[in-house]
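Okay, so here's the structure we're looking at.
The values are calculated or read from the model by the stated rules, or taken from the named source; none is laboratory data. If you're wondering where the values come from, they're calculated on a predicted model, not measured in any experiment. Glycine also receives a Cβ, built like all others from the backbone with ideal geometry; neighbour counts cover every protein chain displayed.
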Amino acid sequence: MEKQSEGAQSPNYNEDLQHKTILVGDSSVGKTSLLVQFDQGKFLPGSFTSTVGIGFTVMLLGDSGVGKTCFLIQYKDGAFLSGAFLSTVGIDFRVRVPSQNKLITVDGLKVNLQIWDTAGQERFRSVTHAYYRDAQALLLLYDITSKTSFENIRAWLTEVHEFSNKDVVIMLLGNKSDVTNGRVIRTEDGESLAKEYGIPFMETSAKTGLNVELAFTAVAKELKQRTSHQSEPTFQIHQFIESQKKKSGCCVLL
């Protein structure tokens, strides 16, 4: 076979085929270790949980354009991506590695969150479905300036109930609360929908960081409580969010 010249591309080369490799399999088969070996050239001895403390997987869901990637970057790096950028393709696997000035601690215990950013486009939905059962928590975002993204929340919740674990933690987030003009979804609308499904709700801003940290912290505390095996749970996510609302005096919504 004639060797292809350096730098030349195959006639069938398609950039859209990049970044779509996914790892699928039962829990504990070594998906995370395989990824870390490929990315960092190192092996995580023992289980993921024993290596980092307690590990939980959180998935970001919602229509394309609601701000999921910006939300993740605000949480991970404390920065905001201004302007337009390419939509997420398939699944973007990110691990929030605890650092000296940004460590998640729940009741004195280190908690490491694996955060999956997902594509909201319909054509990538089957890829997203493959990951639902590996997630312990789902943050479902809509854009307060987009009526369609809010109306589609019911469809997202239908998929969640079909493909995810029955005990998954779900939180509804109305993103882009910093937008002063163009709001089409009232706060009360988000509250009402969340109440209907029995899930916590708050409005957030990936731009200013409003309630971004709180959303992940509340989820981490809820998940940590569930692993404690206590007969009488002492933590309630709704009560925790309400207490933070009283401390801040504003902007945290149930």
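Can you spot a residue in the stretch 112-129 that is over 19 Å from residue 204 (Cβ atoms) and modelled with pLDDT of 80 or more?
yes
Going through (1) in contact with a helix residue (DSSP H, G or I) (Cβ under 9 Å, 6 or more places away or on another chain); (2) under 21 Å from residue 117 (Cβ atoms); (3) outside any loop (DSSP other than H, G, I, E, B); (4) in contact (Cβ under 8 Å) with a residue 60 or more places away in the chain one by one, residue 190 falls short only on (2). When every residue of the stretch 136-149 is checked against the conditions, at least one turns out to be surrounded by fewer than 14 Cβ atoms within 10 Å (Cβ to Cβ), more than 24 Å from residue 225 (Cβ to Cβ) and at pLDDT 95 or above.
For the stretch 133-180, a residue qualifies if it is in contact (Cβ under 8 Å) with a residue 40 or more places away in the chain and acidic (Asp, Glu), and the qualifying residues are 134, 143, 167. Screening 180, 148 for residues that are among the polar types (S, T, N, Q) and in a helix (DSSP H, G or I) leaves exactly one candidate, 148.
Filter the stretch 195-211 for residues that are touching a helix residue (DSSP H, G or I) at 6+ places or on another chain (Cβ under 7 Å) and not hydrophobic (A, V, I, L, M, F, W, C) and give the result.
197, 200, 203, 204, 209
Restrict the check to the stretch 142-153 and report whether at least one residue is of a type outside the set (Asp, Glu), out of contact with any Cys (no Cβ under 7 Å at 6 or more places or on another chain) and within 21 Å of residue 240 (Cβ to Cβ). So far as the stretch 142-153 goes, no, none of its residues is of a type outside the set (Asp, Glu), out of contact with any Cys (no Cβ under 7 Å at 6 or more places or on another chain) and within 21 Å of residue 240 (Cβ to Cβ).
With respect to the conditions (1) among the hydrophobic types (A, V, I, L, M, F, W, C); (2) touching a strand residue (DSSP E or B) at 6+ places or on another chain (Cβ under 9 Å); (3) more than 16 Å from residue 63 (Cα to Cα), residue 140 falls short on a single one, namely (3). Here residue 158 meets the list (1) in contact with a Ser or Thr (Cβ under 8 Å, 6 or more places away or on another chain); (2) among the β-branched types (Val, Ile, Thr); (3) modelled with pLDDT of 90 or more almost entirely, failing just condition (1).
For the stretch 165-172, the condition holds for no residue, the condition being that it is crowded, with 21+ Cβ neighbours inside 10 Å, within 21 Å of residue 79 (Cβ to Cβ) and not β-branched (Val, Ile, Thr).
Given the structure, is residue 166 more than 17 Å from residue 115 (Cα to Cα), part of a loop (DSSP other than H, G, I, E, B), out of contact with any strand residue (DSSP E or B) (no Cβ under 6 Å at 6 or more places or on another chain) and modelled with pLDDT of 85 or more?
It is true that residue 166 is more than 17 Å from residue 115 (Cα to Cα), part of a loop (DSSP other than H, G, I, E, B), out of contact with any strand residue (DSSP E or B) (no Cβ under 6 Å at 6 or more places or on another chain) and modelled with pLDDT of 85 or more.
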